[in-house]
Each structure stands twice: as C-alpha cells, then as structure tokens.
Amino acid sequence: MRLDLKRDFETVPLTKEEALDILDWDDRDLPTLLDAVYKLRKKYKGNTVGIQILTNGRSGNCSQNCAYCAQSRESSAEIDTYRLVPYEKLARDDRLVKEKGLARHCIGLSGISFTDEEIDEFATYVRSLKKESGTHICCSIGFLTADQGRKLKEAGVNRINHNLNSSRSYYPQICTTHTWDERAANIKMLQGLGFEICCGGIVGLGEARADVADLLLSIREINPQSVPINFLLPLKGTPLESQDTSFLTAEYCLKVLCLARLMVPASDIRCAAGREVYLKGRERQMFMAVDSIFASGYLTAGGQGVDDTIKVITDAGFEYMVEGT
Ligand code: SF4
C-alpha cells in the first residue's frame, strides 16, 4: 500500500502510476480502500442506488467485429435479430420504469450507423414514450451524425451511451472495423450537442491492468454523467468465448470499481454486465463504490427482476432510489 488514502482525490487527481497502485492493492487491505472510496460515494450519492432497465431496440446483424459482442459479424451466437423492436414492447418497458420509479430507461440499438429515415422512425418512438411516461431515456446508438444527434435531442433523448470499452492502445485487439478515436470523437460531438454522456468499458478482454488505468484516465477527461463498468462474460459463439476470466476475482472487480469512483467521484458508477457472476455475495462492498446497477432478469413477467434487484440493494443496507422523490 503506497497511496495516501487521506488525500483529497478531487483536488489532487490520481496519476496513472497511482491508478495502477489501486489496481494492485493488496487484497488484505481492501476494506481500507473501500472505506476511503465510500466517503466520496456518500458525498455525491448518499446511500442510494439507482436502477435502470435495458431494452434491446435493434438486435443483431451488425457490420462491426467487436470481439465480445454476440451481435457482431464474427459471432455465431444464436440471438434474435430484428431491425426495430415493436413500439408496444418499448412502451411496456417504459411504463415499468415509470411505475417502479427507476432511474432511467436505456435503449440499445445494434449497429454502427443509421440512415436518416431510421433515425426519424426511432425519434417518433421516443417522442411517444416521452409523451406517455416522460421517463429519462438513454440510448446506445452507434455513431450518429450531428444532424441525427440533434433530431434525437429534440425528440427527448436525455443521455447517450457510447463506451470506450478499453484503452486506446488495446482497442485494435478487440475491434478492427472502427477505431477508438472514432468512438472518442463521437462522444465529444454528442457532448457538444448537450447530451448527458454515459461512457464506460469492459474489463476482462485480455487487456493489461495498465489498459484499465488508461481507459479510466480517458473517461475522466470526458467526465461523463455515468460510467458503466462491465466485467466480461465470455459468450458462446463470439471470438472471446474461451477468454480466461479467472483473474476477475471479486477483489479485483472491487478495485476496478473503486478506481472508477476515485477518477470521477461525482458520476454515477454503474456495475453492469458480470455483476451477478463476479460480485455475487459481495454486494455490500460493491455498493460502497457503486451507486447504479441494471435490473437483472427484468424481462420476466411482472417486473419480478426489478423487485429482486431492489431486494439486492436493501439486503446490502442501501436504499433504492425512486426517481421524482
Ligand atoms: S458496434 Fe455494437 S452491436 Fe456492433 S459489434 Fe460492436 S458492440 Fe456489437
């Protein structure tokens, strides 16, 4: 343990070397690190945890080759493929967000680019959702042109998710059909249009710890409203199906989440994919850094997954944040 945890991380930001110290933190001293991180979490987020649900708005048939993704052109995973989810499905999920007071409705659309007609059609959907329930909407929607971004902003999309996924130098190992720089430029453009930004990454792609540090340093420069951290779940049929994830111990995952909180203390830090696998039984420690999660299994009838997710939060001694209260 080399880093002074009493230091004010907001006025004296972490260097790369110090970020690596966090990732290499001795597991036996993890409680001390979590205590320091919890002070920042408490300052900005109190004891509350926000829940989001994700609707797959467009599925499969992507032209890109992101190695972790079941929807990529390289993947043989058996998944549903469709161009645009029926409006009624989107509206049903949106009503669930409203009824349960969830933080927001995330809508993910596969693919890297969209025609203007596709954006117009989707914008019509968004307008109707906003009129019906007025929930906070976040879209993951590839690379937009500035005009397309403006259309979606005008329709009511509040936030755009666009992940950097890994460090700039490691990115070519996981995708060669577009570049990290294109992702970063797209985020910058959308931020300039006034969107809130959700930007995170995936840990466990075969990267070195220095890549995780670099990723989070880049995210700090963007200063997004939310930072989703995914821990790789190797999917059958994808190039990463046999990826070794044995180093994704609960302790390592907690250190990554602590580093994210120290880097961008005021942002939502979301533990996304992999939470139920790598951090099962460690939720109390996880919530010392994290203030946002996805509902798991929310697609089951009656929103049972949302209720289960609320229980995970309250059992861990935290509060489920109801929007609008
Ligand atoms: S661009 Fe998105 S949908 Fe397409 S392969 Fe990459 S992650 Fe998957």
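The angle separating the long axis of helix 209-222 from the principal Cα axis of greatest extent in the chain is about 60 degrees.
Each stretch of four or more DSSP H residues adds -39500 (n - 2.57); spread over every residue of the chain, this sum gives -12000 deg cm²/dmol at 222 nm.
Between residue 319 and residue 44, the simple label model (points 7 Å from Cα in the Cβ direction) yields a spacing of 1.9 nm. Each principal axis of the chain carries a Cα extent, and these read 55, 44, 37 Å when sorted largest first.
With an 8 Å cut-off on Cα pairs and a minimum separation of 6 or more residues, tell me the relative contact order of segment 16-320 in percent. Mind dumping the intermediate values first?
Values: 554 pairs, mean separation 70.2, N = 305.
Rounded, it is 23 percent for segment 16-320.
Antiparallel beta bridges, as assigned by DSSP with both residues in the chain, represent about 5 percent of the total such bridges.
About the Cα centre of the chain, how large is the charge dipole given +1 on each Lys and Arg Cβ and -1 on each Asp and Glu Cβ? Please answer in debye to the nearest 20.
On the way: 40 positive and 45 negative charges, 138 e Å.
Taking the Cα centre of the chain as origin, the dipole is about 660 debye.
Applied to segment 172-187, the Karplus parametrisation 6.51 cos²θ - 1.76 cosθ + 1.60 on θ = phi - 60° returns per-residue 3J(HN,Hα) values of x, 6, 10, 7, 10, 8, 8, 10, 4, 4, 5, 4, 4, 5, 4, 4 Hz, with x for Gly and Pro.
Where a number appears in this text, it was derived from the coordinates with a stated rule and is not lab data. Since we're looking at a predicted model, the values are computed, not measured. All Cβ positions, even for glycine, are placed from backbone atoms using ideal geometry, and neighbour counts span all protein chains on display.
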